[in-house]
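K.L.:
One structure follows; several queries about it will come next.
The numbers here are math on the coordinates, done by the rules we state, and not lab data. Since the model is a prediction, treat every value here as computed from it, not as a measurement. Don't worry about glycine lacking a Cβ; one is built from the backbone with ideal geometry, like all the others, and counts go over all protein chains shown.
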Amino acid sequence: MTDKDVKIYIIGAGVSGLAAAITLKNAGYNAQILEHSPTVGGRVKTTKNGSMKLDHGFQVLLDEYPAAKEFLNLESLNLVKFSPASIVFIDGNKHIIGDAQRDMSFAWNTLIAGVGIVSDKWKVFMLSRKLKQKNLTDIFNDSEKTTLKYLQDYGFSQKMIDCFFKPFYTGIFLETELQTSSRMFEFVFKMFSIGNATIPGAGMEAIPNQMADKLVGQIQFNTTVKEVIADTIHLTTGETIKSDYTIIATPAETIVPNLPKSDKPWHSVQTLYFDTDDHGFDQPIIGLIAGNDCLSNNFHFLNDVFENHPKVISVSVVAKHNLTKDQLEERVRKELIEQANIKAGDLIKMMEIKKALPTFDSIQYAMSLLKLNLLKISS
Ligand SMILES: Cc1cc2nc3c(=O)[nH]c(=O)nc-3n(C[C@H](O)[C@H](O)[C@H](O)COP(=O)(O)OP(=O)(O)OC[C@H]3O[C@@H](n4cnc5c(N)ncnc54)[C@H](O)[C@@H]3O)c2cc1C
């Protein structure tokens, strides 16, 4: 048996498991992926509803992610780029805040926007310049604090934090208090500064599908792993598989006995899709609702993003609440009208993703080998 004949199994065909399998394939190893569901993608999924493309939660691909460039053929994903700006709605008033370094037409609107004070706009410019030059190793080796503390220490006004940073980063971190690590903030801010937020023309699920195309015959669907003990993978069917190396690309504590259970809560999100007569913004752009006590966080029009798409608005709700689904639907409808003068029609779908993102109060770019869920099995 040569090194390349070792049996390697990967548990989970989300983007992490697929990336692991592609990495191994490029190095000459033929790993098998065991996937619980009938499709690839894990959290990155798109439901096709007639001619509608409904992603499972609003997600974007930042095209400057190093991993995106490494694992994807970005060109063939027909990426649709979001405008490097947001439209912020505060108590019925509309403000445009955009990256004037990328598109000068945003300069004036951004400067006069009632979102923060003039010195805030200058600070955004300076922060963007600083982070463009800061490499990823330095970002992830820097000391950590919460994003909120980072922004306060940088000198941003409370108004700028409340009216722009909170709504914008709530939609990304999926938590409302900016408690996520400043390393994550710097990383994401840098990615937005040097690249684009994009969605593939066929919806987000085109990403894992493209990765899976490189792994024909290597994915075993509808296969649920019950537990992994030493060199044996136990399936829920009672079957067992011997493995030389097992990579767990899903929370390992769920299938490896005796691993300490993480006490970190997951962040959840609800995404509501409504049909609408509203025309949209004529370009893909993110709307933010920064009004006091609003549950709706961000929205965009699918007809602005996808070609020939019916008029549909997608709204994300991140804040915790005790409303029933019906009450939430009504509340979001009311907020859209009051804050943004957008009339939502029938609810097409409400998606609730309970385990959307883990808590990132401390984060590293690369895990130490010890922490990697890679079990070297002694034979
Ligand atoms: C609403 C939302 C918004 C997001 N926004 C963004 C964004 O804008 N940009 C961004 O970069 N990221 C975003 N993310 C995060 C991103 O989607 C995830 O980081 C990524 O998809 C995680 O991939 P993964 O492969 O690690 O895990 P998962 O996608 O969770 O995949 C795990 C896989 O393992 C399988 N599995 C689990 N248990 C077993 C078992 N016992 N046996 C066999 N198979 C098993 C599951 O079926 C699944 O397919 C967002 C996530 C959500 C939900």
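K.L.:
For the range 225-379, what is the largest minus smallest coordinate of the Cα atoms on each principal axis, given in angstrom and ordered from greatest to least?
P.N.:
Answer, in whole Å and largest first: 65, 35, 31 Å.
K.L.:
If you average the alpha carbon positions of the range 171-249 and of the range 293-372, how far apart do those two centres end up, in angstrom?
P.N.:
Taking the Cα centre of the range 293-372 as reference, the centre of the range 171-249 is 21 Å away.
K.L.:
May I pose another question? For the range 83-202, how big is the tail of P(r) above 19 Å, as a whole percent of Cα pairs? Mind dumping the intermediate values first?
P.N.:
Numbers: 3374 of 7140 pairs.
Distances greater than 19 Å cover 47 percent of the Cα pairs.
K.L.:
Return the whole-Å distance between the Cα centroid of the range 60-94 and the Cα centroid of the range 4-19.
P.N.:
Taking the Cα centre of the range 4-19 as reference, the centre of the range 60-94 is 28 Å away.
K.L.:
For a distance above 20 Å, tell me the whole-number percent of Cα pairs in the range 207-268 that qualify.
P.N.:
Considering the range 207-268, 41 percent of its Cα-Cα pairs are separated by more than 20 Å.
K.L.:
Shifting gears a bit: Could you work out the relative contact order of the range 183-290, using alpha carbon pairs under 8 angstrom and six or more residues apart, expressed as a whole percent?
P.N.:
12
K.L.:
Using the 2.2 N^0.38 Å rule of thumb for compact globular proteins, work out how the range 1-149 stacks up: its C-alpha Rg over that value, please.
P.N.:
Output field value: 1.45.
K.L.:
Further question: Once a ≥ b ≥ c are taken as the square roots of the eigenvalues of the Cα gyration tensor of the range 167-247, is the result rounded (a/c under 1.5), prolate (a/b larger than b/c) or oblate (a/b not larger than b/c)?
P.N.:
prolate
K.L.:
If you don't mind, another one. GNM, the chain, Cα, under 10 Å: largest mean-square fluctuation among D63, D263, D293?
P.N.:
Of the options given, D263 has the highest mean-square fluctuation.
K.L.:
Now for a different question. Hey, if you put +1 on the Cβ of every Lys and Arg and -1 on every Asp and Glu Cβ in the chain, which of F360, N49, L215 ends up farthest toward the positive end of that dipole?
P.N.:
Most positive-ward Cα: F360.
K.L.:
Here is a further query. ³J(HN,Hα) across the range 45-60 via Karplus (A = 6.51, B = -1.76, C = 1.60, θ = phi - 60°), whole Hz, x for Gly/Pro?
P.N.:
Using θ = phi - 60°, the values come out as 9, 10, 9, 8, 10, x, 8, 8, 10, 10, 5, 7, x, 6, 10, 10 Hz.
K.L.:
Could I ask something else about it? Using only the Cα atoms of the range 291-363, build the gyration tensor, take square roots of its eigenvalues as a ≥ b ≥ c, and label the shape rounded, prolate or oblate: rounded if a/c is under 1.5, else prolate if a/b is larger than b/c, else oblate.
P.N.:
In terms of gyration-tensor shape, oblate.
K.L.:
Quick one: dipole size for the range 1-131, taken about the Cα centre, charges +1 on Lys/Arg Cβ and -1 on Asp/Glu Cβ, in debye to the nearest 20.
P.N.:
The dipole of the range 1-131 has a size of about 100 debye.
K.L.:
Would you work out the relative contact order for the chain, in percent, from Cα pairs under 8 angstrom that are 6 or more residues apart?
P.N.:
25
K.L.:
Across 5 Å bins from the origin, how do the percents of Cα pairs in the range 1-88 run, short distances first?
P.N.:
So the P(r) values, bin by bin, are 3, 10, 16, 19, 19, 14, 8, 5, 3, 1, 1, 0, 0.
K.L.:
Sticking with this structure for a sec: If the cut-off is a Cα-Cα distance under 16 Å, which lysines reach K214, setting aside same-chain residues fewer than 8 apart in sequence?
P.N.:
K25, K69
K.L.:
As I understand it, the value is the acute angle between the Cα axis of helix 15-26 and the longest principal axis of the Cα atoms of the chain; what does it come to in degrees, rounded to 10?
P.N.:
For 15-26 against the chain, the angle is about 50 degrees.
K.L.:
Given the options I248, S314, N292, identify the residue whose Cα lies farthest towards the positive end of the charge dipole of the chain (+1 on Cβ of Lys, Arg; -1 on Cβ of Asp, Glu).
P.N.:
So the residue furthest toward the plus end is I248.
K.L.:
If the cut-off is a Cα-Cα distance under 12 Å, which aspartates and glutamates reach K190, setting aside same-chain residues fewer than 8 apart in sequence?
P.N.:
Within the straight-line limit of under 12 Å, K190 reaches these aspartates and glutamates: D63, E64.
K.L.:
Please list the non-local residues whose amide H lies under 5 Å from the amide H of I247, H modeled 1.01 Å from N, same-chain partners needing a gap of 5 or more.
P.N.:
Y9, I10, I11
K.L.:
What is the range 239-284 by shape, rounded, prolate or oblate, if you read a ≥ b ≥ c off the alpha carbon gyration tensor as root eigenvalues and call it rounded for a/c under 1.5, prolate for a/b larger than b/c, and oblate otherwise? It would help to have the intermediate numbers written out before the result.
P.N.:
On the way: a/c = 4.12, a/b = 2.57, b/c = 1.60.
Prolate.
K.L.:
Using the number of other C-beta atoms within 10 angstrom as an exposure proxy, rank Y150, Y65 with the fewest first.
P.N.:
Y65, Y150
K.L.:
While we're on this one: When the chain is modelled as a GNM with alpha-carbon springs shorter than 10 Å, which of H36, H309, H321 fluctuates the most?
P.N.:
H321
K.L.:
Right, another one. When the helix-only estimate is applied to the chain (DSSP H runs of n ≥ 4, each -39,500 (n - 2.57), divided by the residue count), what is the mean residue ellipticity at 222 nm, nearest 500 deg cm²/dmol?
P.N.:
After summing the helix terms and dividing by the residues of the chain, the value is -7500 deg cm²/dmol.
K.L.:
Relative to the present Cα-Cα distance, how much length would full extension add between A230 and K349 at 0.36 nm per residue of separation?
P.N.:
Gain in length upon complete extension: 38.5 nm.
K.L.:
HN-Hα J couplings of the range 90-98 from phi, Karplus 6.51/-1.76/1.60, θ = phi - 60°, integer Hz, Gly and Pro as x?
P.N.:
10, 6, x, 9, 10, 10, 9, 10, x
K.L.:
Sticking with this one: Please report, for the Cα atoms of the chain, the Rg to one decimal and the Dmax as a whole number; what are they, in angstrom?
P.N.:
22.0, 69
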